[in-house]
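*Asks:* Can you keep this structure in mind? I'll have questions shortly.
The values are calculated or read from the model by the stated rules, or taken from the named source; none is laboratory data. On a predicted model such as this, the values are computed, not experimentally measured, just so you know. Here the Cβ is made from the backbone with ideal geometry for all residues, glycine too, and neighbour counts use every protein chain on show.
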Amino acid sequence: MQNRQRPLLALTALALAALLAAPAIPAEGGVSVDVTVTGLRNTKGRIIACMTSDESRFPRCRDAGGSYKANAAAADNAVLHFTGVVPGTYAIALLHDENENGRADRALTLIPREGFGFSRDAPVRMGPPRFEDAAFTVGAAPITQTIRMRYML
């Protein structure tokens with residue numbers, strides 16, 4: 001009896017391995033947005049990303065409807081994957097959370113100690129960019145972007 005179960009177990013394990021290795025399939029009606037992150041000063045911690053369509057919640061997008069979150073270990077050319085994205089206008093904000101405390105550390109309450117980045121390499125002037133400067137359109141086709149990490153200190 002045990003010998004008959006071995007081929008079935010082997011096939012099941014093989015099928016599960018194939019599913020784990022397969023690329024993520026977007027939810028019905030949604031597409032994927034993949035972001036490659038460049039310019040990290042080190043590979044400590046994690047990269048945290050939020051993509052939102054809520055202009056009033058950008059760049060923080062906490063509790064924002066129509067937002068997607070992703071994170072990855074900090075690495076050269078790390079890729080973040082947003083899946084099942086509904087078509088619309090979005091902006092992305094990144095944080096290089098070097099100490100993994102889940103928040104943006106600041107010096108003198110204003111200057112970010114950790115890296116940050118925005119979609120479309122939106123300009124930063126005396127504060128975060130405007131939603132319009134970072135905004136891009138998601139349609140029916142998958143999107144790939146590159147976002148450069150910046151550091152103030």
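*Asks:* Being of a type in the set (Asp, Glu) and surrounded by fewer than 15 Cβ atoms within 10 Å (Cβ to Cβ) narrows it down to one of Asp105, Asp54, Asp121, Asp97, so name that one.
*Replies:* Asp105
*Asks:* Right, next: Can you find a residue in the range 123-143 that is without any contact (Cβ under 8 Å) to a residue 40 or more places away in the chain and within 19 Å of Asn42 (Cα to Cα)?
*Replies:* Taking every residue of the range 123-143 in turn, none turns out to be without any contact (Cβ under 8 Å) to a residue 40 or more places away in the chain and within 19 Å of Asn42 (Cα to Cα).
*Asks:* Let me ask something additional. Enumerate the strands (runs of 3 or more DSSP E) found wholly within the range 98-153, keeping only those where 2 or more residues are modelled with pLDDT of 95 or more, under 16 Å from Gly39 (Cα atoms) and within 16 Å of the chain's Cα centre (by Cα).
*Replies:* Filter on the range 98-153 gives 115-118, 143-148.
*Asks:* Another question, then. Criterion first (over 23 Å from Met152 (Cβ atoms) and more than 12 Å from the chain's Cα centre (by Cα)) does Val31 satisfy it?
*Replies:* yes
*Asks:* What's the number of the only condition in (1) within 24 Å of Gly127 (Cβ to Cβ); (2) assigned to a loop (DSSP other than H, G, I, E, B); (3) at pLDDT 95 or above that Arg60 fails to meet?
*Replies:* (3)
*Asks:* Within the range 89-109, can one find any residue that is aromatic (Phe, Trp, Tyr) and under 14 Å from Ile147 (Cβ atoms)?
*Replies:* The answer is yes, given that some residue of the range 89-109 is aromatic (Phe, Trp, Tyr) and under 14 Å from Ile147 (Cβ atoms).
*Asks:* Which residue pairs have Cβ atoms closer than 9 Å, lie 6 or more positions apart in sequence or on different chains, and pair a first residue in the range 83-94 that is over 20 Å from Ser56 (Cβ atoms) with a second residue that is assigned to a strand (DSSP E or B) and among the aromatic types (Phe, Trp, Tyr)?
*Replies:* Close Cβ pairs satisfying both conditions: Thr83/Tyr68; Gly84/Tyr68.
*Asks:* Still on this model: Can you tell me which residues in the range 63-86 are in a loop (DSSP other than H, G, I, E, B), modelled with pLDDT of 95 or more and surrounded by 14 or more Cβ atoms within 10 Å (Cβ to Cβ)?
*Replies:* Ala74, Val86
*Asks:* Considering only the range 28-42, I want to know if a residue exists there that is surrounded by 13 or more Cβ atoms within 10 Å (Cβ to Cβ), in contact with a Cys (Cβ under 6 Å, 6 or more places away or on another chain) and under 17 Å from Asp97 (Cα atoms).
*Replies:* no
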